[in-house]
1. What is the distance, in nm, between label points placed 7 Å from the Cα along the Cα-to-Cβ direction at LYS25 and at ASP156?
2. Compute the Rg/Rh shape ratio of region 294-437: radius of gyration over Kirkwood radius, all on alpha-carbon atoms.
3. How big is the antiparallel share of DSSP beta bridges in the chain, given as a percent to the nearest 5?
4. Figure the gain on full extension for HIS164 and SER144 (residue separation times 0.36 nm, minus the Cα-Cα span) and round it to one decimal in nm.
5. Need one word for region 41-93: rounded, prolate or oblate. Basis is the Cα gyration tensor (sqrt eigenvalues a ≥ b ≥ c); a/c below 1.5 gives rounded, then a/b vs b/c decides.
6. Return the loop-located trypsin sites (Lys or Arg not before Pro) in region 267-311 (DSSP other than H, G, I, E, B) with at most 10 other Cβ atoms within 10 Å of their own Cβ; answer none if there are none.
7. Distance from the Cα centre of region 192-209 to that of region 280-327, in angstrom?
8. Among the DSSP beta bridges whose two residues both lie in region 239-322, what percent are antiparallel, rounded to the nearest 5?
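A short reminder: the numbers here are calculations on the coordinates, not readings from a lab. Computed from a prediction, not measured in an experiment: that's the story for all the values here. Note that we place each Cβ from the backbone using ideal geometry, even for glycine, and neighbour counts take in every protein chain shown.
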Amino acid sequence: MSFRKIFTPYIHEDKCHSLKFYQSKGGYEQARKALNDWQPDDLIETVKAANLRGRGGAGFPTGVKWGFVPKQVDKPKYLAVNADESEPGTFKDRLIMEKNPHLLLEGIIICCKAVGIHHAYIYIRGEFVFGANRLQNAIDRAYSEGILGENCLGSDFKLDVTVHRGAGAYICGEETGMLTSIEGDRGQPKLKPPFPAVEGLFGCPTVVNNVETLANLPYILEIGAEEYRKIGPENSPGPKLFCVSGHVEKPGVFELPMGVSLRTLIDEHAGGVWKGRKLKAVIPGGSSAHVLTADECDVAMDIESLAAAGTMLGSAGVIVMDETTCMVDALLNIMRFYHHESCGQCTPCREGTGWLEKIAHRIAVGGGRIEDLDLVTEVCDRMVGKTICALADAAAFPAESIVKKFREDFVAAIENGGSPAWVKRHPANTGGAAAHV
Ligand SMILES: Cc1cc2nc3c(=O)[nH]c(=O)nc-3n(C[C@H](O)[C@H](O)[C@H](O)COP(=O)(O)O)c2cc1C
Ligand code: SF4
């Protein structure tokens, strides 16, 4: 079938975020049908059949996740919409919330009908002030038009939606950290099980879904599961938002079918590597993924293909680095982020991210030793899979792969008294003598 954009077709039009505009394009018709004509179990089965996979990073099948929520419970059930979008290189959910907020609200209504939820929280990162206001205005309009509230869209279904603003912590994007933050506590992840579907927000069954995941739902109901599965590869189908940043001519968000080639995404959609330079490295799934070399970029951007290439789709935040990039500096930049954002509960993460930053720093400023390269791998081995949440893995994956695939940059920095940028700024320090950290 021919590809039709669903998230971004009208983003250049003036009032694309308004309720009137959204309804003029058929908006809320699928939610109306879901509320009035569909049975909850049929909605869940349709989303399972569509093979919609989570767009927040882990790629878990959405319908399967909904199926884990107990049907008969004497507690409320909640939906927590993950709009934290704190993964470096990722800015797609922001676009949906700013330009197409009613699409998200329609997806929320469909999810809540399917699972029997009457209260949804949207957890939006603190820095998204404009997006939070847009969203709140859209919610207010939806209440005033009877789309949300006591009798949603003329049905007997009640749904409230609350926007909860974060305070700028990466770890509050991890689902249990986010739930703890909504509850008013420090946003720290919790051990699983229990999974949120069984024991989540306020101890009640909770669905956690990413903004883009939910924004797929009206389209799935509109065209049906079978047609949806034909968009891109069957195992991870659908329209997808790809964020491209870094050293390209035209950075931005691109809506394309899942499975587009990474090379095409960079060269055709993002205008190619900037300034006529050559490609050096790409991290395809936000900074938490394994790095790819320029030779490894003929890969399809979908969950299975990227996993087979030893990396991941993650949040589809594609970070492009040109031939002038020193990978020692890149590693230092990334590790500084993870060390700062570690919540500190688990020793391998708290100490490991600190060690990785320290090692990258000393190599960058000319105090590195060749043994440091094995030390990075050793530290990473002690982090992956050994902590409460996946932040430790998210730090270790780029670290181990950058050092392994770009070893020559590290050896040069160790032998030449620091990274090229450091040596240029501090020519007297070459040789590493004055660079201990
Ligand atoms: C450290 C860390 C940060 C995360 N940040 C986000 C985020 O900003 N947005 C998001 O949707 N998921 C994020 N996730 C993934 C969530 O934990 C969760 O898997 C996701 O929200 C589930 O939604 P989905 O199934 O629709 O993808 C993060 C995970 C980890 C470990
Ligand atoms: S892995 Fe890191 S961020 Fe996650 S809970 Fe442990 S210390 Fe906190």
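1. Once both label points are built, they end up 3.5 nm from each other.
2. Values: Rg = 15.7 Å, Rh = 15.8 Å.
Rounded to two decimals, Rg over Rh is 0.99.
3. 40
4. Working: separation 20, 0.36 × 20 = 7.20 nm, distance 2.01 nm.
Stretched fully, the HIS164-SER144 segment lengthens by 5.2 nm.
5. Since a/c reaches 1.5 but b/c is at least a/b, the shape of region 41-93 is classed as oblate.
6. Sites meeting the loop and neighbour criteria: LYS278.
7. Using only Cα atoms, the two centres lie 32 Å from each other.
8. That works out to approximately 75 percent antiparallel.
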